[in-house]
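Asks: Have a look at this one.
The values are calculated or read from the model by the stated rules, or taken from the named source; none is laboratory data. No experiment lies behind these values; they were computed from the predicted model shown. FYI the Cβ positions are ideal-geometry reconstructions off the backbone, even for glycines, and counts take in every protein chain you see. To get the accessible areas, we keep the full protein, side chains included, count just its heavy atoms, and leave off ligands, DNA and RNA. Shrake-Rupley method; radii C 1.70, N 1.55, O 1.52, S 1.80 Å.
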Amino acid sequence: MASERKLKIFDYDPRLLPFEADINLRMENYKRKKRELVGRGGRLIDFANAHEYFGFHKMDDGRWVYREWAPGADALYLMGDMNGWDQHNLPMTRLENGVFELYLPDDKQLYDGCHVKVMVEGNGRRVERIPAYVKKVVQDKNTYIWCGQIVDLPRYEWQNENFIPDKNVLIYECHVGMAQEAEKVGTYVEFRDNILPRIKALGYNTIQIMAIMEHPYYGSFGYQVSSFFASSSKYGTPNGLKKLIDEAHGMGIAVLLDVVHSHAVKNTAEGLNEFDGTTYQFFHEGERGEHPAWGTKLFNYDKNEVIHFLLSNLKFWLNEYHFDGFRFDGVTSMIYHDHGLGTAFTDYSKYFSLNTDTEAITYLQLATELIREVNPNAITIAEDMSALPGMCLPIEDGGVGFDYRLAMGTPDLWIKLIKEQKDEDWDMWNLWHELTSRRPKEKYIGYAESHDQALVGDKTIMFRLCDSAMYTDMSKNSESLVIERGIALHKMIRLITLTLGGEGYLNFMGNEFGHPEWIDFPREGNAWSYFYCRRQWSLADNEDLRYADLLRFDKKMISFAKRHKLFKKQPTSLYIDNEAKVLIYERNGVVFAFNFHPTNSYDGYSIPVLKSGKYQATLSTDDSAFGGWDRISEVTRYEVKGKKKGNMQFLAYLPARTGACFTKLDEVTNK
């Protein structure tokens, strides 16, 4: 046991010492399961090859072989365009361990675009299923029935094979289908041609793409996956997605997949549910296999064949499509038996109890290790609202192995402040605490809002701040106190979140310019309309509207963060004045001063600094180019008074509802 005490997680956070046995168990579970899978000294990268064996493969002689794992089935038959959908004349041979295999005869060979399904016999039933490892799934426009489709094209020739992502991530969260302004489902080609240049111009270095793994219901936002190895045909072809990623890499933009291994769609006709005729092939039996809130199926993370499937899935997306990493969806749902529903994680004991799903935690450790083996430069992000200790620490230190976790409390903070408190009642001490609280040695992705806050039933920050005034008063010729407040706070909230709230930053597409209204996918309740399921870029491109000012500010803010390498160091508090509503801090040499007071401006306000010299304002939310009033001069030089640490400051004007960034003069000229 003494050797186990050497785990660095206890050095980083001594409050975990009472739970030493639980964390040691975490590590023993990981080591045991890895030995089961690969033996002593084996590597996961050599294990996670299910996709190279199962599914459809063209052999060197041009013929095809098809394999499927269906241990509960009695017989499998392949059918499709190549055999006139005959349900009997292509029987598969049962091998050991529930594996079925078929070498297709010469007169029934597959071809690109060929539609296929597999007939499964078992438990007294004969049912059609979509092959589990198929790489493309399409829906018939007349019958709405889904089926697999063979992809047999020349190997895609990558133009930017050696791309390495920037680990100082500035993420643009996006959805291919709703990225166009037209009232329709957008395509990979349209995203590549129309949206990637916008993202490049804004300065984001990473995109996180939602809803890529095939899902039958468009309105699920891609979170009810049916075919795990198929890129969604809603947006085009697999090569269309590859070219999108290739083009992004050519622009210096990393591409993350919003991967869904937390659950799967319940549908049997399209998904994995009851694939071999049993409920337990991939999922837990009974209540444990059903998500009570999402109506989906839950994987059995202790079953080696399921781990094989899921790890191979990660390797597939990394190798086949050159994704640069993953944002793991629904991690909280995975790691607790109650899925985090109704549990308040108020103390450490909540993380180490019978409610903890240790099998899921082991799977996540294996997943992050595999990803590192496949691509040492890959980026991994965990969506965990519970803040499980060690989620973003290396496995060898006692952690789960992710690079980053989403700072999921930050959007809730902003919503709470905007909804429940007057501006003059905002607590600066609480704001500092909430934006800087981190698990020791763990990295966070800060964000003010993501796609979650843009859905029907919720509101974006801009919509909360301005509501109906956005329909009438966003013209630059209009005067509106509501809009003035909204514009000012929108910029301040983003600037303080980016510079204080994490070691990375995320924005959902369109929110950078305060996209109006919500996202409402086509459904019966809105007459299947796409009107609210698109992005109105023309609003930001119209210089007569104030959206253009917000867009310019976001572009400047992202450029500023990159130029000053803000994530290189942690922020240091310099001064907080709750009565004045002023918050001042330093990060990697830049001094940030925020005055959140709605009406009080301060002339000659003392700005503490850590270094002597001369400073100037290099970014201000009050710049007229961003819809402000130019009350902070960017040409004025502010000379520091005092020479001792703790006594150095300069005097500056701090207007109401303004955030300003002050940079030391020699650093301005050197960068």
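Asks: Counting Lys +1, Arg +1, Asp -1, Glu -1, what net charge surrounds W429 among other residues with beta carbon under 12 Å of its beta carbon?
Replies: My count for the surroundings of W429 gives -3.
Asks: Hey, any idea what % of the range 1-68's accessible area is carbon plus sulfur with a 1.4 Å probe?
Replies: Ligands and nucleic acids excluded, carbon and sulfur reach 49 percent.
Asks: Going from the alpha-carbon gyration tensor of the range 265-362, what semi-axes, largest first and in whole Å, does one get by taking the root of 5 times each eigenvalue? Write out the running numbers ahead of the final one.
Replies: Values: eigenvalues 118, 74, 31 Å².
For the range 265-362, the semi-axes come out at 24, 19, 12 Å.
Asks: Over all directions, average the projected area of the Cα convex hull of the range 2-41 and note it in nm².
Replies: 3.2
Asks: Nearest 10 degrees is fine. How inclined is helix 358-374 to the longest principal axis of the chain, computing both from alpha carbons?
Replies: Approximately 90 degrees, to the nearest 10.
Asks: Quick one: 3J(HN,Hα) in Hz for the range 211-225, Karplus 6.51/-1.76/1.60 with θ = phi - 60°, rounded, Gly and Pro as x.
Replies: 6, 8, 5, 4, 9, x, 9, 4, x, 7, 6, x, 9, 10, 7
Asks: A further question follows. The range 641-663 to the range 378-415: how many Å between their Cα centroids?
Replies: If you average the Cα positions of each part, the centres end up 34 Å apart.
Asks: With the Cα gyration tensor of the range 619-671 in hand, give its eigenvalues times 5 under a square root as the equivalent ellipsoid semi-axes, listed largest first in whole angstrom.
Replies: 23, 14, 8
Asks: Separate question: Treating only the Cβ atoms of Lys and Arg (+1) and Asp and Glu (-1) as charged, compute the dipole magnitude of the chain about its Cα centre; round to the nearest 20 debye. Display every interim value, and only then the final one.
Replies: Values: 80 positive and 94 negative charges, 454 e Å.
Rounded to the nearest 20 debye, it is 2180 debye.
Asks: Still on this structure, please answer the following. Expected output is a single nm value to one decimal: the length gained when fully extending between R126 and E479, i.e. 0.36 nm times separation in residues minus the C-alpha distance. What is it?
Replies: 120.3 nm
Asks: Would you work out which of V482, N507, Q421 lies farthest towards the positive end of the dipole of the range 417-521? Charges go on Cβ: Lys and Arg +1, Asp and Glu -1.
Replies: N507
Asks: Taking all protein chains in place and a 1.4 Å probe, what share, in percent, of the accessible surface of the range 206-262 do carbon and sulfur account for?
Replies: 49
Asks: Taking the dipole about the Cα centre of the chain, with the C-beta of Lys and Arg at +1 and of Asp and Glu at -1, give me whichever of T368, A132, T279 is farthest to the positive side.
Replies: Of the candidates, T368 comes out farthest on the positive side.
Asks: Can you give me the angle between helix 481-500 and the longest principal axis of the chain, using Cα atoms only, in degrees from 0 to 90, rounded to the nearest 10?
Replies: That works out to roughly 70 degrees.
Asks: Same structure again: Which value in nm describes the separation of the simple spin-label points at K422 and D458, placed 7 Å from the Cα toward the beta carbon?
Replies: Going from the K422 label point to the D458 one covers 2.9 nm.
Asks: Okay, moving on. Rg/Rh for the chain to two decimals, with Rh computed the Kirkwood way over all alpha-carbon pairs.
Replies: 1.00
Asks: Follow-up. At 0.36 nm per residue, minus the direct Cα-Cα distance, what do E96 and A182 gain on full extension? Give it in nm, one decimal, please.
Replies: Result for the pair: 25.8 nm of gain on full extension.
Asks: If you roll a 1.4 angstrom probe over the protein chains with everything in place, what fraction of the accessible area of the range 314-412 belongs to carbon and sulfur, to the nearest %?
Replies: The C+S portion of the solvent-accessible surface of the range 314-412 is 53 percent.
Asks: Quick one: net charge of K136's neighbours, Cβ under 11 Å, K/R +1, D/E -1?
Replies: Net charge in that neighbourhood comes out at -2.
Asks: Say a paramagnetic label sat at a point 7 Å from the Cα of A469, along Cα to Cβ; which residues of the range 534-574 have their backbone N under 17 Å from it?
Replies: Under 17 Å, as judged by backbone N against the label point of A469, lie 545-550 of the range 534-574.
Asks: Once the other residues with Cβ under 14 Å from the Cβ of E512 are scored (Lys, Arg +1; Asp, Glu -1), what is the net sum? Spell out each step's value before the answer.
Replies: Numbers: positive: R198, K200, K491, R494, R535, R546, R552, K555, K556; negative: E173, E449, D541, D549, D554.
Charge balance near E512 sits at +4.
Asks: Now a separate question. Would you please put 170-178, 603-611, 420-428 in order of how densely packed they are, using the mean number of other Cβ atoms within 10 angstrom per residue and starting with the highest?
Replies: Most protected by this proxy first, the peptides run 170-178, 603-611, 420-428.
Asks: Obtain the nm distance between the two label points defined at W528 and H433 by a simple spin-label model: each point lies 7 Å from its Cα along the Cα-to-C-beta direction.
Replies: 5.3
Asks: If you plug each phi of the range 652-660 into the Karplus form 6.51 cos²θ - 1.76 cosθ + 1.60 with θ = phi - 60°, what whole-Hz ³J(HN,Hα) values come out, in order, with x for Gly and Pro?
Replies: 8, 7, 10, x, 4, 6, 9, x, 10
Asks: OK, next. Treating the angle as unsigned and between 0 and 90°, give the value, to the nearest 10°, between the Cα long axis of helix 304-321 and the longest Cα principal axis of the chain.
Replies: Approximately 60 degrees, to the nearest 10.
Asks: With θ set to phi - 60°, apply the Karplus curve 6.51 cos²θ - 1.76 cosθ + 1.60 along the range 51-56 and write out the HN-Hα couplings as whole Hz, x wherever there is a Gly or Pro.
Replies: So the J values, rounded to whole Hz, are 5, 8, 10, 7, x, 9.
Asks: So, one more: Accessible area per residue for the chain in Å², computed with a 1.4 Å probe and the full protein assembly in place, what is it?
Replies: Heavy-atom SASA per residue in the chain reads 39 Å².
Asks: Given a 1.4 Å probe and the protein chains all in place, what does the accessible area of Y547 round to, in Å² to the nearest 10?
Replies: Approximately 10 Å² for this residue.
Asks: Taking only C-alpha pairs under 8 Å that are 6+ residues apart, what is the relative contact order of the range 304-442 in percent?
Replies: Relative contact order of the range 304-442: 22 percent.
Asks: How big is the Cα convex hull of the range 157-306 in projection, averaged over all directions, in nm²?
Replies: In nm², the orientation-averaged hull projection of the range 157-306 is 10.8.
Asks: Let me ask you something else. At a 10 angstrom cut-off on C-beta neighbours, averaged per residue, how do the peptides 213-223, 572-582 rank from highest to lowest?
Replies: 213-223, 572-582
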